[in-house]
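Step one of this worksheet: look at the structure below.
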Amino acid sequence: MTRSDELASNLQTGKMRNFTRRLIIVLVTGIILFSLRNIWGMNTETLTSLMVSMTTTDYIIARFASLAGTIIWSLLYIGFHIFGVALILSWITKIPYSRLVPLQVLITGILLMEKAIIFMVFAIKGVTVNLSFLSFGPLAATVMESWYLILFLNQLTITSALIISLQFRFITGYLQHENRRAYLWMLVGLHTAMALITASVAFIPFNSMLNSVFGGGF
């Protein structure tokens, strides 16, 4: 990460050593991280109202169900950022898909590092909030009232800037085209669109949906 130009050049001209092993490490690390967050109680607040009236057995089943859902979500999250984004970038830039996948393995690892740092800080403090201290979210919350805009800016982090930089250096170095600015705006637009979609997910009424399915409990 400290020598991004050299990294981009190496990814363009060679193959990632032990690619399968690195892919498995990222996958297993992501599953463990998401599982630990769920076990600790991070992002499970919507389940609280459903669990307060449960018996001990129902509560245990619900917690295991929640953990299973988190593991499935971790697989979807990692799979999308490695293979889905690589496919999107390949379609836009015409760079071979096989060349972009190793880049996205690295980038997904960076995303997991960011989540691990946030989780460790929350675990040490013993509290959690919906905003990341590595993003513009906390600053936006002090001057804005729109929760959607706050959540959108919460997706724009230091890591996002690093990822755009790595992807931009790789794409422009691989294609050797002069329209570098067009690729930069393309990446910014892609990340902005993903941030808008992610912010929209927070407004899906999961609690009401769960209540309608389970009738207020299991």
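At Ile39 and Ser165, where each label point lies 7 Å from the Cα along Cα→Cβ, what is the point-to-point distance in nanometres?
Output for this residue pair reads 3.5 nm.
Round to the nearest 0.05 the FRET efficiency obtained for Gln176 and Phe19 when R0 = 22 Å and r is the Cβ-Cβ distance.
0.35
Using a 1.4 Å probe on the protein heavy atoms only, what accessible surface does Val188 show? Give it in Å² to the nearest 10.
Solvent-accessible area, nearest 10 Å²: 50 Å².
Let me know the charge dipole size of the range 61-190 about its Cα centre in debye, to the nearest 20, where only the beta-carbon of Lys, Arg (+1) and Asp, Glu (-1) is charged.
240
Could you check the simple spin-label distance between Asn130 and Trp73, using points 7 Å along Cα→Cβ, in nm with one decimal?
Inter-label distance under the simple model: 1.4 nm.
If you count only protein heavy atoms and use a 1.4 Å probe, how large is the accessible surface of Phe80, to the nearest 10 Å²?
Its accessible surface works out to 90 Å², give or take rounding.
Of Leu149, Leu139, which has the most accessible area with a 1.4 Å probe, and how do the rest follow in descending order?
The residues order as Leu139, Leu149, largest area first.
The values are calculated or read from the model by the stated rules, or taken from the named source; none is laboratory data. The structure displayed is predicted, hence computed values, not measured ones. Neighbour counts run over all protein chains shown; Cβ positions are idealised from the backbone, glycine included. Heavy atoms of the whole protein, side chains included, go into the accessibility calculation; ligands, DNA and RNA do not. Shrake-Rupley method; radii C 1.70, N 1.55, O 1.52, S 1.80 Å.
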